[in-house]
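Taking it in order: structure first as structure tokens, then the write-up.
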Amino acid sequence: MLLLNAMGVRDQTGPALNRQLEKFQQLHPDVPHDFWREQYKRHVEAKLMINGMAEVIEEDFAEAEVEALLDFYQSPVGMRMVELRVRLGKIAGPLGKRLGRLFSSEIRVELEKRGYLK
């Protein structure tokens, strides 16, 4: 868990899950607010995702490797990397959508050019 904290994962997981719940809430506006508060407490505050990530790290890394990663993420360079990861995370979704639209349009042009689409 210390490693996930140092990596900034804990700080990002709650807001990400909250955004997911907000989408469900928008899709189901007639559901009472208490239901969504209950779901937030159960899924976001419980940090089930964090616990799952911690298990994967424990399975994939030896204790010495986890300690080395922790040392890195607690170093000035590691802290800068966490800040960069947060910034990259904020632009990844919109950038991915934009690139996806561009890719789709280029593929469509190429399909039409080769006669696969009419």
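The values are calculated or read from the model by the stated rules, or taken from the named source; none is laboratory data. Keep in mind that this is a model prediction, so the values were computed, not measured. Areas reflect the complete protein model, heavy atoms only, side chains present, ligands, DNA and RNA absent. Shrake-Rupley method; radii C 1.70, N 1.55, O 1.52, S 1.80 Å.
Find the residue count for the range 59-118, including only residues that are in a loop (DSSP other than H, G, I, E, B), open to solvent by 80 Å² or more (accessible area, probe 1.4 Å) and within 27 Å of Met7 (Cα to Cα).
Of the residues in the range 59-118, the ones in a loop (DSSP other than H, G, I, E, B) are 61-62, 75, 114-118.
Filter again for open to solvent by 80 Å² or more (accessible area, probe 1.4 Å), leaving 61, 114, 116, 118.
Next, only the ones that are within 27 Å of Met7 (Cα to Cα) stay: 61.
Residues flagged as in a loop (DSSP other than H, G, I, E, B), open to solvent by 80 Å² or more (accessible area, probe 1.4 Å) and within 27 Å of Met7 (Cα to Cα) within the range 59-118 amount to 1.
Select, from Gln20, Gln39, the only residue that is open to solvent by less than 80 Å² (accessible area, probe 1.4 Å) and either at pLDDT below 90 or of a type in the set (Lys, Arg) (or both).
Residue meeting the stated conditions: Gln39.
Let me spell it out: the conditions are (1) in a helix (DSSP H, G or I); (2) open to solvent by less than 70 Å² (accessible area, probe 1.4 Å); (3) modelled with pLDDT of 85 or more, and Val31 meets all of them except one. Which number is the exception?
It is condition (1) that Val31 fails.
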